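The next block holds one structure in the form of C-alpha cells; read it before the comments.
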Amino acid sequence: MLKKFLVAVAAIFFLNLNICAAEDLKFIDSNDDFGYFIDIDTIKLENQNIFSVDMVIIRLNLNQMEVIDLQINHAAKNYIIRSTRTLSYDERTEIKSDFTARTAKSYSDKSLMGDIVNIVLYGGE
C-alpha cells in the first residue's frame with residue numbers, strides 16, 4: 001500500500017515538473033512501479049456511445065511512458081487499443097510505436113477501463 005502511494009506521489013511530482021504543454025494528465029490509479037493516467041486533452045466523442053482517449057502509463061523506474069490510444073464503447077462495455085507509443089519520460093523521445101489496432105476487449109465497471117469511463121463521462125463522481 002505504501003509503495004502504491006509513493007509511486008503515485010512521485011508520478012504526480014514528476015508530472016508537475018516536466019509536463020508537456022499538450023498534456024493534461026488526470027491520475028487514475030497506480031500499481032507497484034506504474035502510474036495510470038488519461039490525457040484529458042485527447043478525449044473525443046465519436047458518437048453517442050463511443051469516445052476515444054489516450055491512456056498514459058508512466059514507469060518512472062524505467063524512465064518511460066506508454067501512450068495508448070483507446071476507443072471505448074461504453075454502451076457495449078468494450079474497448080479497442082488502436083495504437084501504442086513508448087516514449088522516454090524525461091525527453092519525450094519515441095522509443096517504439098505500434099499502430100496495429102487490437103481486437104475489442106470487454107471491461108467491467110470496477111476495472112481500470114471502468115474508472116476511465118467514469119472519469120470521462122461523469123468527471124469521476
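The values are calculated or read from the model by the stated rules, or taken from the named source; none is laboratory data. Remember, predicted model here, so these are calculated numbers, not experimental data. No Cβ is skipped: glycine too gets one built from the backbone with ideal geometry, and neighbour counts run over all protein chains shown. Side chains included, ligands, DNA and RNA excluded: accessible areas come from the protein's heavy atoms. Shrake-Rupley method; radii C 1.70, N 1.55, O 1.52, S 1.80 Å.
Key figures for this structure:
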| read-out | value |
| --- | --- |
| Inverse of mean 1/r across different Cα pairs in region 23-125, Kirkwood, Å | 14.0 Å |
| Rh (Kirkwood; distinct C-alpha pairs) - region 72-125, Å | 12.8 Å |
| Anchor Lys26: aspartates and glutamates whose Cα lies under 12 Å away (excluding residues fewer than 8 positions away in-chain) | Asp39, Asp41, Asp54, Asp115 |
| Nearest-10 value in Å² for the accessible area of Arg82, using the 1.4 Å probe | 70 Å² |
| Summed residue charge, Cβ within 9 Å of Val67's Cβ, Lys/Arg positive, Asp/Glu negative | -3 |
| Net charge contributed by nearby residues that have their C-beta within less than 13 Å of Lys44 (K/R +1, D/E -1) | -4 |
| Simple label model, 7 Å out from Cα along Cβ direction - Ile95 to Lys77, nm | 3.4 nm |
